[in-house]
Amino acid sequence: MRLLTNALIMDGTTFPVPSQGFMDSAVRDFIAPTVPDAAGYTPIAVRQRSQIIGINGSVEGGIDLLLDAMAEQNEPFVVFGFSQSTVVTMRVKAELAERKARGEEVPEVIFVGIGVGNRPNGGIASRLAGITIPFFDFTFNGAAPTDLGFETIDIVREFDGLADTPQFLFNPVATLNAIFGVLFVHALYGPEVSLDPNSPKYVPGTVVQQYGDTTYYWIPTEDLPLFDPFRLFGVPEQVIDVFEPFFRVLVDAGYDRTIPFGEPTPAQLIPVIDPVTFAIQLAGAVVEGANNAARIFGGQLPGYELLTAQLESLEALSANVIGVPYRNAVRQLNTYFNPFQAFAAIEGPVATAFDSVLNSLGVPDLLNLIIDPVLFPLTAWAEDNLLYPRPDAPPNVLTDTLIHILRRIAPHLGVPTVQTDDLASSAAENETTRRSAGQPLRLDEDESENATPLAAETTVDDDSSIEDATAMGNEALPEDATVAEEEVDPHVEALSEDQTLAEDEVLEADGTPAEDDALSEDEETSSETEFSTTASGTDVAEKPASRTPGTADNAGTGDSAAGQGGTKSSTGTAA
């Protein structure tokens, strides 16, 4: 049994030092359930620059800070990142691989990340590789490697606009949904989801895949973030349910859920779902929405069940007869012609040169000197009072009102966290429970060569078979939080005196401003289950329950197991 005693925790953009609540959630909800044989952790906050202007420079500075913190740890240990800091962990992982290739000693470390923008299939940095956002100096630097030999856990929520970015970006509904997903999904990992099956935040239907050195988790999202603004303004869910099935089909058409998460997949032009199957899905969604409208008045659409069954049968037939050859032809066409890659080849160098001029003039540093002192305290307050409130926090009218409103889209938001010392337990103890729910991602045999998709949290033997079926609070980290740092970023305030650094240096309170606790398919669309054993294990394909009357996958229809896992009938916990 490996006892991973230390977990180096980093937060996301605009959160330079993680709050105690964020660290507790990182351990309890994501590290302990995924790292094998882990029996307890001491979370250590690792300072990052986490700036929103000059992101490339912010990442470069973060690499040095993380390497310095890692050098002080007893092995083995875990490194945890979120959003921008997962780019840091990816770069550090590559650095360690280079050192190992040179014969140098490297630490025994496991990398865990949430909201990973470099996920090979889904991350925005992979979708738009080579493109740079000027002024912000943010380069989409491609897919995270999976062949470096360091165990990695990659955790992403469905419709996270930065980590589950649509593949077909010219789908305006899917793209708009992803934009809202940045606000309402990407920002709410710890408050809303957990990989601990005993947690009320656990989402059934979670998909697990192994690809190279990386284990991928894909957590379904029950509701489209596209409709979250309406929820915030109090529109009843029953009314939204009339329209959401139709728009969900449109959104799902923006993805090809048959491709393994570890396979680099850029943004492409033409959706792979065929028009006939797509039209059947839309018809099914209209029927579902009409039935939901009837339910508002206590009734049911006449002939709903029979019509739904007929549409499901028709969709499966269309997916097999039309969907498979159509998908294969479109994939070839997308390979030969990709306007996004052509654009990146032109835009990338131009934007990089523009940012280089700004950097040489010190523009990002100047702007950060103005922005950081205002933004960081605000985000720290929000994290410590809204996202991860302290158990002993006194009642506050502002926070209570904001939490009450935000719970319309995030029902678990504002529930006080408890210390990880009381909750961290061996993942082995939960193994049986964790492997009792979920649905697999369906893959073609030729696509499953390098991936081992499993029914999420389900043990599968090689010969097994499965049947079809904004006051400024948060002035300091709590006393028990340690902070690893080598240098104080000029744009980030220092830690308060009750926090200890990795070097055990105590900072004086007087004269030192307090640091904010911040930042944090495809089975040819057959209606029968097939199983193929690969060199890496057993690929399992199981037909899931469908969101809409269709049952076929996105190879021909738009709904694979990954696309299906977030149905309202399967879970009521996701945001």
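FYI, it's all coordinate maths here, none of it is from the lab. Here the structure is a predicted model, which is why all the values come from computation and not from measurement. Here the Cβ is made from the backbone with ideal geometry for all residues, glycine too, and neighbour counts use every protein chain on show.
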Under 8 Å for C-alpha pairs, at least 6 residues apart: give me the relative contact order for segment 1-151, rounded to a whole percent. 23 percent
Among 197-206, 183-192, 398-407, how do they line up from the highest to the lowest mean number of other beta-carbon atoms within 10 Å? 183-192, 197-206, 398-407
Charge dipole (segment 126-178, unit charges on Cβ, about Cα centre) - positive-most of F138, P172, L162: P172
Using only the Cα atoms of segment 26-182, build the gyration tensor, take square roots of its eigenvalues as a ≥ b ≥ c, and label the shape rounded, prolate or oblate: rounded if a/c is under 1.5, else prolate if a/b is larger than b/c, else oblate. prolate
Below 8 Å between Cα atoms, with a sequence gap of 6+, how large is the relative contact order for segment 116-183 in percent? 31 percent
Segment 1-83: relative contact order as a whole-number percent, Cα under 8 Å and 6+ apart: 47 percent
Backbone HN-Hα couplings from phi across segment 357-366 [Karplus 6.51/-1.76/1.60, Hz, Gly and Pro as x]: 5, 4, 5, 5, 8, x, 4, x, 5, 5
Taking the Cβ of V235 as the center, what net charge do the other residues with Cβ under 13 Å away carry, scoring Lys and Arg +1 and Asp and Glu -1? -3
Compute the Cα gyration tensor for segment 311-424, then decide on rounded, prolate or oblate, letting a ≥ b ≥ c be the square roots of its eigenvalues: rounded whenever a/c is under 1.5, prolate when a/b is larger than b/c in the other cases, and oblate in all that remain. oblate
